[in-house]
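Chemist: What follows is a single structure, and I will ask about it in a moment.
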Amino acid sequence: MIPTAQIIVLDAGGQYCHLIARKVRDLGVYAEVRPSEAPASELSHARGIIISGGPSSVYDPASPTVDPAIFALGIPVLGICYGQQLMAHLLGGEVRKGVKGEYGLATLELEQTADPVFAGLGGPQQVWMSHRDVVGRVPEGFHVTGRTSTCAVAAMAAPERRFYAVQFHLEVVHTTRGNQYLSNYVFGVCGCEKDWDLTHRAPSVEQEIRDCVGARSVFFFVSGGVDSSVAFALCTQALGADRVRGVYVDTGLMREGETEFVQRIGNLTVEHAEEQFLTALAGVTEPEKKRHIIGEEFVRVQERIIESRRLMDENWILGQGTIYPDTIESGGTAKAALIKTHHNRVAGIQRLIETGRIVEPLKSFYKDEVRMLGREIGLSSELLDRHPFPGPGLAIRCLCAAEDEPLTLTAEGAIVPVHSVGVQGDSRTYAPVLAIDALDHARATELINSISGVNRVIGPVALTAPMAQMKVRACTLTADRLERLRRADAIVRRLSHETGYDHEVWQFPVILIPLGTATAPDSVVLRPVDSVDGMTAQSVLMSEELRTRIAEELLQVEGVAGVFYDLTHKPPGTIEWE
Ligand code: XMP
């Protein structure tokens, strides 16, 4: 059974609120995320509250706030980053616009006191900061407990009321003793008890599945991703293979060997729809249109399957691999910008959800917890440690162009008229790419900030012809180009697996762009990134040795003129090019 949450994290719009809840769970204590404005009456059962960070300023009228009555519950409250500023603001202190922001690593001088929250923590230590506003004056009853060279109130506390706040992000790995601080708060201040053991969870999850499903059977659309595969395997284990059906749709937009890989999960059938998708996508170059068509075709296939297999019959319910962060987002409470475009929903599936004919065994778990559950029931690490892969598949990594166009050579590099998607602030951009002559992240960042009209920078790994001889050719999503990308992607995946590089990065898209010569019309772009959740990402550079090995093999692929490296962080680039 899922316990009642001992720690509630109030989501003030930071991408880190889930990370905080997950860190608390890693300590063995069940935590949940709630919208920041949740009424105090709904939080009174908790042993402790944490207010997360967020991008707003407390003086912006639209900024998130909390119910002030939470400060009268007698429960400990910890504010992190924006959470600290909000506490200062609501409890009678003062928040000021910082003269300059403080972003990145800083050295914190933490006061040495007998307070349990600081047990074993006094002295200088490395923390990670990301803020502009600062607390100018602490509220009455508080005192300053930590400082950095640019932040006079890096931590504050009112120990008698058990209120604590920090300006730094204690939930990220760069704050080296953040876990100790969190553990002191959770156990030492809030008095939580361990109630969340992920090493033996499968039997209780399976019991929940049996209780929910009753005498009915379950069908799944399995994508090959971690979540739907673990949910499917748990249901199969709980109910027996006879009462669980999985269908995998082969859209023809999948990676090499994917269909065979998914079939190894067992107990599922493959619906072939390759022709249908390719036909619908013929002649299309625009990314949003591609996405839309893929969504629509997917709906058609699902409808066909539901109809032909009589899955609307009441003996069937739908199984889904929804995980905890998905439930928060779809409830409309998440304030962090949503990045994924979700598939259109099939009317039949919508009806099943509305009438409660659905089982979602993973809806209380985070991704890492899902992986642990998968391990517990014996699924392979090959499946569990897979990088995320987008639903629309290779289609969003195979770039198209409406017309032939030359490059524009400038002092900074060549402007390549292949448009890719980017993200700036809350809005998406669609702009050409700048190709520079070196793999230099610092220069790439500087150029992207100074040249208007480009949102992405690439550098060369290996070229078969000088840039001046390359151009962009009109092309669409054809079977040939998809096959070229599939081969390139398979080469990169094999080499990064053999060298262990796939464990060093969060995701590694391989993109095909229509930049080439008369004999070889395309180039390949490598895009390894590091990320926490895909909302922001760092472009990371691999060793020269690995780059060279990958490029040598890629240039053997028919039709490939060059290999480039994407040097763009997110923002301003997105992870996928589309
Ligand atoms: P972007 O490109 O927006 O991607 O930086 C962020 C993360 O989301 C994944 N992604 C998708 N996943 N369906 C998915 O299931 C989609 O349509 C989709 N689009 C992007 C992307 O791979 C990255 O991990």
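The values are calculated or read from the model by the stated rules, or taken from the named source; none is laboratory data. Note that this is a predicted model, so its numbers are computed, not measured. A quick note on method: Cβ atoms are made from the backbone with ideal geometry, for glycine too, and the neighbour counts reach across all protein chains shown. Calculation scope for accessible area: heavy atoms of the full protein, side chains included, ligands and nucleic acids excluded. Shrake-Rupley method; radii C 1.70, N 1.55, O 1.52, S 1.80 Å.
Chemist: Which numbered condition in (1) within 25 Å of the chain's Cα centre (by Cα); (2) closer than 30 Å to residue 299 by Cβ is the only one that residue 442 fails?
Modeler: (2) is the only condition that residue 442 fails.
Chemist: I'd like to verify a number: residues in the stretch 429-449 that are touching a Gly at 6+ places or on another chain (Cβ under 7 Å) and either within 16 Å of the ligand (Cβ to nearest atom) or at positive phi (or both), how many?
Modeler: Matching residues across the stretch 429-449 total 2.
Chemist: Still on this structure, I have one more. When you go through (1) touching a helix residue (DSSP H, G or I) at 6+ places or on another chain (Cβ under 9 Å); (2) at pLDDT below 95; (3) open to solvent by 10 Å² or more (accessible area, probe 1.4 Å); (4) over 30 Å from residue 272 (Cβ atoms) one by one for residue 188, which number turns out not to apply?
Modeler: Against the list (1) touching a helix residue (DSSP H, G or I) at 6+ places or on another chain (Cβ under 9 Å); (2) at pLDDT below 95; (3) open to solvent by 10 Å² or more (accessible area, probe 1.4 Å); (4) over 30 Å from residue 272 (Cβ atoms), residue 188 comes up short only on (2).
Chemist: I've got another one for you. Looking at this structure, is residue 533 within 16 Å of the ligand (Cβ to nearest atom) and either in a helix (DSSP H, G or I) or touching a residue at least 60 places away in the same chain (Cβ under 8 Å) (or both)?
Modeler: yes
Chemist: Test residue 72 against the stated conditions and say whether it is at pLDDT 95 or above and within 25 Å of the chain's Cα centre (by Cα).
Modeler: no
Chemist: Which residues, taken from the stretch 241-289, are touching a Ser or Thr at 6+ places or on another chain (Cβ under 9 Å), farther than 27 Å from residue 360 by Cα and β-branched (Val, Ile, Thr)?
Modeler: Passing the criteria: 284, 285.
Chemist: Mind listing just one residue for me: the one in the stretch 27-73 that is part of a loop (DSSP other than H, G, I, E, B), closer than 30 Å to residue 152 by Cβ and of a type in the set (Gly, Ala, Ser) and, of those, most open to solvent (accessible area, probe 1.4 Å)?
Modeler: The extreme case among them is 62.
Chemist: Being within 24 Å of the chain's Cα centre (by Cα), open to solvent by less than 30 Å² (accessible area, probe 1.4 Å) and among the β-branched types (Val, Ile, Thr) is true for just one of 513, 491, 436, 458. Which residue is that?
Modeler: 458
Chemist: If you check 165, 154, which single one turns out to be closer than 29 Å to residue 533 by Cα, without any contact (Cβ under 8 Å) to a residue 60 or more places away in the chain, touching a strand residue (DSSP E or B) at 6+ places or on another chain (Cβ under 6 Å) and crowded, with 22+ Cβ neighbours inside 10 Å?
Modeler: 154
Let's see how each residue does on (1) closer than 22 Å to residue 31 by Cβ; (2) touching a strand residue (DSSP E or B) at 6+ places or on another chain (Cβ under 9 Å):
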site: 84; (1), (2): yes, yes
site: 89; (1), (2): no, yes
site: 107; (1), (2): no, yes
site: 120; (1), (2): no, no
site: 149; (1), (2): no, yes
site: 158; (1), (2): no, yes
site: 178; (1), (2): yes, yes
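Chemist: Continuing with this model, one more query. Name the pairs: first residue in the stretch 223-237 and open to solvent by less than 10 Å² (accessible area, probe 1.4 Å), second residue among the acidic types (Asp, Glu), Cβ to Cβ under 8 Å, at least 6 apart or on different chains?
Modeler: Listed pairs, sorted by first residue: 224/258; 231/360; 234/206.
Chemist: Here's something else I'd like to know. Mind listing whichever residues of the stretch 347-376 are open to solvent by less than 30 Å² (accessible area, probe 1.4 Å) and farther than 30 Å from residue 307 by Cβ?
Modeler: Scanning the stretch 347-376 gives 364, 365, 366, 369, 370, 373, 374.
Chemist: Sort out which residues of the stretch 468-485 are open to solvent by less than 40 Å² (accessible area, probe 1.4 Å) and either in a helix (DSSP H, G or I) or touching a Lys or Arg at 6+ places or on another chain (Cβ under 8 Å) (or both), and write them in order of number.
Modeler: Correct list: 475, 477, 481, 482, 484, 485.
Chemist: Which of (1) within 25 Å of residue 31 (Cα to Cα); (2) over 25 Å from the mean Cα position of the chain (by Cα); (3) open to solvent by 20 Å² or more (accessible area, probe 1.4 Å); (4) not assigned by TED's automatic domain parsing to the domain that holds residue 46 does residue 209 not meet, given it meets every other one?
Modeler: Here residue 209 meets the rest and fails (3).
Chemist: Go through the stretch 377-409 and give me each residue that's away from the ligand (no atom under 16 Å from the Cβ) and open to solvent by 50 Å² or more (accessible area, probe 1.4 Å).
Modeler: Passing the criteria: 378, 380, 381, 382, 402, 403, 404, 405, 406, 408, 409.
Chemist: Also, I was wondering about something else. Go over the candidates 284, 247 one by one and state the one that is closer than 24 Å to residue 319 by Cβ, open to solvent by less than 20 Å² (accessible area, probe 1.4 Å) and in contact (Cβ under 8 Å) with a residue 40 or more places away in the chain.
Modeler: 247
Chemist: Pairs, please: C-beta under 6 Å, at least 6 apart or cross-chain, first residue of a type in the set (A, V, I, L, M, F, W, C) and in the stretch 287-312, second open to solvent by 80 Å² or more (accessible area, probe 1.4 Å)?
Modeler: Sorted first by the residue in the stretch 287-312, then by its partner, the pairs are 298/343.
Chemist: Might you let me know whether the stretch 468-476 holds any residue that is of a type in the set (D, E, K, R) and either in contact with a His (Cβ under 8 Å, 6 or more places away or on another chain) or under 22 Å from residue 538 (Cα atoms) (or both)?
Modeler: no
Chemist: Is at least one residue of the stretch 515-527 part of a helix (DSSP H, G or I) and either in contact with a helix residue (DSSP H, G or I) (Cβ under 9 Å, 6 or more places away or on another chain) or within 14 Å of the ligand (Cβ to nearest atom) (or both)?
Modeler: Among the residues of the stretch 515-527, not one is part of a helix (DSSP H, G or I) and either in contact with a helix residue (DSSP H, G or I) (Cβ under 9 Å, 6 or more places away or on another chain) or within 14 Å of the ligand (Cβ to nearest atom) (or both), which makes the answer no.
Chemist: If you check residue 103 against the conditions, is it in the same structural domain as residue 149 (by TED's automatic domain parsing), farther than 21 Å from residue 157 by Cα and buried (at least 24 other Cβ atoms within 10 Å of the Cβ)?
Modeler: No: the conditions fail for residue 103.
Chemist: Listed residues 273, 231, 238; which is under 20 Å from residue 318 (Cβ atoms), small (Gly, Ala, Ser) and in contact with a Pro (Cβ under 6 Å, 6 or more places away or on another chain)?
Modeler: So the residue among 273, 231, 238 that is under 20 Å from residue 318 (Cβ atoms), small (Gly, Ala, Ser) and in contact with a Pro (Cβ under 6 Å, 6 or more places away or on another chain) is 231.
Chemist: Considering each residue of the stretch 537-571, count those that are of a type in the set (Ser, Thr, Tyr) and open to solvent by 50 Å² or more (accessible area, probe 1.4 Å), and give that number.
Modeler: 2
Chemist: Can you name the residue in the stretch 119-151 that is among the basic types (Lys, Arg) and over 31 Å from the mean Cα position of the chain (by Cα) and is also surrounded by the fewest Cβ atoms within 10 Å (Cβ to Cβ) among such residues?
Modeler: Applying the filter and picking the extreme gives 137.
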